[in-house]
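The values are calculated or read from the model by the stated rules, or taken from the named source; none is laboratory data. Because the structure is predicted, anything quoted here is derived from the model rather than measured. Glycine also receives a Cβ, built like all others from the backbone with ideal geometry; neighbour counts cover every protein chain displayed. We work out accessible area using only protein heavy atoms, side chains counted, and drop any ligands, DNA or RNA first. Shrake-Rupley method; radii C 1.70, N 1.55, O 1.52, S 1.80 Å.
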Amino acid sequence: MQKIPPATLLESEEYSITGGIKIIDRWFRTTLDYSNPAAGEIAIFARNAQPNKKGNGDCGAGLPYILYLQGGPGFECGPPENHPLTNFLFDKGYQVLYLDQRGTGMSTPISARMLEDNGGRKRSVEEQAKFVKLFRADNIVRDCEAVRLALLGRKEKEEDRKWGVVGQSFGGFCAVTYLSIHSEGLREVFTTGGMPPLVNNPDEVYKPLWQKVKQRNQVYYQKYPLDVERVRDILIHLSKEDVRVPNGGRLTSRRFLGLGLAFGGHGGIDSVHHIVQRAHTDLNVLGHLSYKVLQSIEGNQSFDGNILYALVHEPIYCQHHSANWSALRTKPDDKEFYWKQSLDCDNKDQPIYFTGEMIFPWAFEDYGELTKLKGVAEVLAKDAEWPSLYNEDVLAENEVPVYAATYMEDMYVDYTHARRTAGKIRGAKEFVSNTLMHNAVRAKTEAVMGELWRLRSGEVD
């Protein structure tokens, strides 16, 4: 087992906010490449939320920690006061640590400029790809351990040196990697839509997820049948015009259909409908898409601001295999997924399907910031030298309590794979639902965490 040195605390800031929350912001310095300490260091940012409802700023400091790992990959944590999980965990007797995973938020955030510039010397495309490879779950977990050791490593009792983890989506993937390589730091683990497929490449993942995307499209058009023609009209317009979103990226038909990424969350279908309805109204009234609509579309597609998501979305599934643009290769033959052919058939009753949580090669042509990274993405897609992320032998002997929320209708994490993985983790307990969507930990916190807490308490009926 690799020995992780404690992170070095660089700076901290304390303040209180409304809602009875004390915040401690901390910036740490830790290792970029744990197998090669000479490769340099990065910053890791963690925001600690403590209950302060009684006006005693120190009352939460002695509570046990829960570490929250955000979904993604490549997305930072939001403010604790905006996440309903904060008060839920406060009520259960915890303080919460929201950690920006390496490469996101204030943890040495990755951008196209940052990747290219290496202290005044430009990195080659191959060097940039090699750098990005260090930003997967294995090193995220090592960062967590480094921070844990810095915060809790000097506690007298061994149990007090451990913390719990709540992992949402990709955060749950990280939590299972944590169980595989550094379970000694864990007291308990909760995953919400975050049991990772134990696969070596994304192909086995995308095949069933494409079918789930198809089902969600059918739900969408059943709910909003007038959008069949509206979507067709919008795509016809985009195929004829050079339309740009505010940051200069191209709004192509294929990019517009990427709004279907939202279909997997509570309220996602409605949010896409509102964009479609307003965009269609623009075309009827103005003959073009208004700035407001273009701004809304850009705001719902965050790849330019979170480029790590686009670069490693497929490689997060890779162990000693290449991704090789898996989403594109596994795309089903359903004519509804091929917008050009569907428009050519001139059948206004023919729905055209949105895509889901997939990254395609063309994303690095349409998105303004991603265009600078096309070469890096191609190198990463072909790379087959990805280290292992999970140890099934260790998981089979697991001693850490694990509680998993698994959603049958999940459009992002395949239900069958998730259940199979949970079954391979010794002692894991599952809450399975056919009514909750992927973002339920935020949209319906009590429904998810309440059930997991009942599993934790051992309640039986």
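Of the residues that make up segment 187-203, is at least one more than 24 Å from the chain's Cα centre (by Cα) and open to solvent by 10 Å² or more (accessible area, probe 1.4 Å)? Among the residues of segment 187-203, not one is more than 24 Å from the chain's Cα centre (by Cα) and open to solvent by 10 Å² or more (accessible area, probe 1.4 Å), which makes the answer no.
Among the residues in segment 309-319, are any open to solvent by 20 Å² or more (accessible area, probe 1.4 Å) and in contact (Cβ under 8 Å) with a residue 24 or more places away in the chain? No, because not a single residue in segment 309-319 is open to solvent by 20 Å² or more (accessible area, probe 1.4 Å) and in contact (Cβ under 8 Å) with a residue 24 or more places away in the chain.
Of all residues in segment 161-168, none satisfies being touching a Pro at 6+ places or on another chain (Cβ under 6 Å) and either among the small types (Gly, Ala, Ser) or assigned to a helix (DSSP H, G or I) (or both). Where the second residue is among the polar types (S, T, N, Q) and open to solvent by 30 Å² or more (accessible area, probe 1.4 Å) and the first is within 14 Å of Val243 (Cα to Cα) and lies in segment 278-289, which pairs have Cβ atoms under 9 Å and are six or more apart or on separate chains? Close Cβ pairs (under 9 Å, with a partner that is among the polar types (S, T, N, Q) and open to solvent by 30 Å² or more (accessible area, probe 1.4 Å)) amount to Ala279/Ser296.
Restricting attention to segment 321-344, the residues that are among the basic types (Lys, Arg) and either surrounded by 15 or more Cβ atoms within 10 Å (Cβ to Cβ) or modelled with pLDDT of 95 or more (or both) total 2. Of all the criteria given as (1) over 26 Å from Thr330 (Cα atoms); (2) of a type in the set (A, V, I, L, M, F, W, C); (3) outside any helix (DSSP H, G or I), the one not satisfied by Leu455 is (3).
Within segment 120-127, one or more residues are within 19 Å of Lys372 (Cβ to Cβ), open to solvent by 10 Å² or more (accessible area, probe 1.4 Å), of a type in the set (Asp, Glu) and not in a strand (DSSP E or B). Selection of helices (runs of 4 or more DSSP H) fully inside segment 339-430 by the criterion of at least 1 residues being within 30 Å of Leu179 (Cα to Cα) returns 374-382, 392-396, 415-424.
If only residues of segment 29-71 that are outside any loop (DSSP other than H, G, I, E, B) and basic (Lys, Arg) are counted, the one that is farthest from His83 (Cα to Cα) is Arg29. Regarding Ala440, is this residue crowded, with 16+ Cβ neighbours inside 10 Å, within 30 Å of Pro84 (Cβ to Cβ) and either free of Cβ contacts under 8 Å to residues at least 24 places away in the same chain or in contact with a helix residue (DSSP H, G or I) (Cβ under 6 Å, 6 or more places away or on another chain) (or both)? Yes.
Filter segment 1-35 for residues that are charged (D, E, K, R) and open to solvent by 20 Å² or more (accessible area, probe 1.4 Å); which is nearest to Cys59 (Cα to Cα)?
The initial filter retains those residues of segment 1-35 that are charged (D, E, K, R), namely 3, 11, 13-14, 22, 25-26, 29, 33.
The next check asks that each one be open to solvent by 20 Å² or more (accessible area, probe 1.4 Å); those that pass are 3, 11, 13-14, 22, 26, 29, 33.
Working: Lys3: 33, Glu11: 22, Glu13: 17, Glu14: 14, Lys22: 10, Arg26: 19, Arg29: 28, Asp33: 37 Å.
So the residue we want is Lys22.
When segment 155-179 is filtered for residues that are open to solvent by 10 Å² or more (accessible area, probe 1.4 Å) and more than 15 Å from the chain's Cα centre (by Cα), the ones remaining, listed by number, are Lys155, Glu156, Lys157, Glu158, Glu159, Asp160, Arg161, Lys162. Just to be sure before I move on: is Gln295 more than 23 Å from the chain's Cα centre (by Cα), over 27 Å from Lys207 (Cα atoms), open to solvent by 20 Å² or more (accessible area, probe 1.4 Å) and not assigned by the TED database to the domain that holds Leu134 in the structure I sent? No: the conditions fail for Gln295.
The set of residues in segment 84-103 that are of a type outside the set (Asp, Glu) and either over 17 Å from the mean Cα position of the chain (by Cα) or open to solvent by 10 Å² or more (accessible area, probe 1.4 Å) (or both) comprises Pro84, Thr86, Asn87, Phe88, Leu89, Phe90, Lys92, Gly93, Tyr94, Gln95, Val96, Leu97. Cβ-Cβ distances below 6 Å connect the following pairs, each with a first residue in segment 223-242 that is open to solvent by 50 Å² or more (accessible area, probe 1.4 Å), a second residue that is among the charged types (D, E, K, R) and in a loop (DSSP other than H, G, I, E, B), and a separation of six or more residues or different chains: Glu229/Lys348. Which one of these is more than 27 Å from Gly264 (Cα to Cα), in contact (Cβ under 8 Å) with a residue 40 or more places away in the chain and of a type outside the set (S, T, N, Q): Gly172, Gly193, Gly185? Checking each option against the conditions leaves just Gly185. Close contacts from segment 333-350, counting a first residue that is aliphatic (A, V, I, L, M) and a second that is open to solvent by less than 50 Å² (accessible area, probe 1.4 Å), with Cβ to Cβ under 9 Å and a gap of 6+ residues or different chains, come to Leu343/Arg232; Leu343/Leu235; Leu343/Ser253; Leu343/Gln350; Leu343/Ile352.
Here Leu283, Leu257 are screened, and the one residue that is open to solvent by 10 Å² or more (accessible area, probe 1.4 Å) and aliphatic (A, V, I, L, M) is Leu283.
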